[in-house]
Amino acid sequence: MSVSIEITPVEIETSKIATPLSTLNKAIAAMGRAESFEDVVETLRATARSLIGCDGIAIIRRDGDFCHYIEEDAIGPLWKGHKFPVSACISGWAMIHRQTVIVPDVTKDDRIPYELYAGTFVKSFAMAPVRLENPIGAIGVYWSRPYSPADWEVDVLETLAGAAAIAIEKTRAVQTVASSSNPSVVDNEESTEDFSKDIACVAGIAAVPTILDVVLRMTGMGFAAVARVTDDRWITCQSLDHVGFGLKPGDELPVQSTLCDEIRGHRQPIVFDDAAEEPLYCDHHTPQIYGLRSYISVPIILANGQFFGTLCAIDPHPAKVNNPQVIGTFKLFAELIGHHLYSDERLKVTEALLQREKGLSELREQFIAVLGHDLRNPIAAIDAGTSRLLKEGWTARSPLVLKLMKG
């Protein structure tokens, strides 16, 4: 699978301008569609530098006790192809401590192996581990001047690292299943969280496209979606995109980077007209990562109390959404979607029970037919024998009649 993502570098004041949602989404979606580890690496190599606006990036894989610098994109050579002990480089430090490292000036940090940096352009950098629990690698971003990256730049770096971890684990799982002939492996995969059924259920609700169209027309916003949200997954089930944000059914975002993750916890809507003017969200990582100005998201709760996900709409421009009319309409639509989803699930359960009952009914009829056939002859014999005994009384033939009745 080849990865081709055109991203034109732009001159930006990195402390003030956030990464466009569409570009970041395309990178995350491309990693989500990756078929191999190499595809994930190529997507990172092709996108990370432009997304953050740095002078170079490096992708590091952990090979046992070594950090293997496997890919890079930079204004000058870094360390591609080299391996360093985990204990002797900052990428190893980030993996060991499972946290992002920020070094504003490489000449003022005792952890820096100066001899490795002397021949490079690197004067400052940030390094994020890929997968916090038992890291499998790291992503480094570098600048040619002393520099402290803005919060949104660190957030984008960590978002890319999180998306890469999910994508790599997915490709490994798929390859494991594909190369295994053990049926139990397939069963185990099928028993894991597979949201294709949820996506299909939402797609089966005829009203959803109309709902998404209505909310965009009503709010003037550019993107709306129904998302499945769990404690570790955010998945697009259905979307309507007029502004090129790039999310399609099945595409994922790191759930920790979304406001829907907070909604899953408190089950209340989150709404703002303009993040820049909202004290609670002006410095929040989600608007900064995705370049959001206006936002509305309401929970979708099933009739049994289960949290399914959210109905949300977003736009890079301010919009008038924080009012009772818009919020009430979103709540009504979310309830409608939740009702359809729950009813669909109940219908499937009922159909399964009916099929089971139908099978039991057929077995019951077969049993009665067999039982009737098996009993018919003995009952007839008993009836005939009893009639004869009553008619003739006890005679020399009576023991034979009783024997025939018994046999």
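Step by step: first the residues of segment 124-171, then only those that are touching a helix residue (DSSP H, G or I) at 6+ places or on another chain (Cβ under 6 Å) and acidic (Asp, Glu), then the one that is surrounded by the most Cβ atoms within 10 Å (Cβ to Cβ). Which residue is that?
Per the criteria, the residue is GLU153.
When you check ARG228 against the structure, is it among the basic types (Lys, Arg), modelled with pLDDT of 90 or more and surrounded by 14 or more Cβ atoms within 10 Å (Cβ to Cβ), yes or no?
When the stated conditions are applied, ARG228 passes them.
Got a number for residues in segment 81-125 being modelled with pLDDT of 90 or more, over 22 Å from SER144 (Cβ atoms) and among the charged types (D, E, K, R)?
Counting residues in segment 81-125 that are modelled with pLDDT of 90 or more, over 22 Å from SER144 (Cβ atoms) and among the charged types (D, E, K, R) gives 1.
The values are calculated or read from the model by the stated rules, or taken from the named source; none is laboratory data. Worth saying up front: this structure is predicted, and the values here are computed from it rather than measured. Note that we place each Cβ from the backbone using ideal geometry, even for glycine, and neighbour counts take in every protein chain shown.
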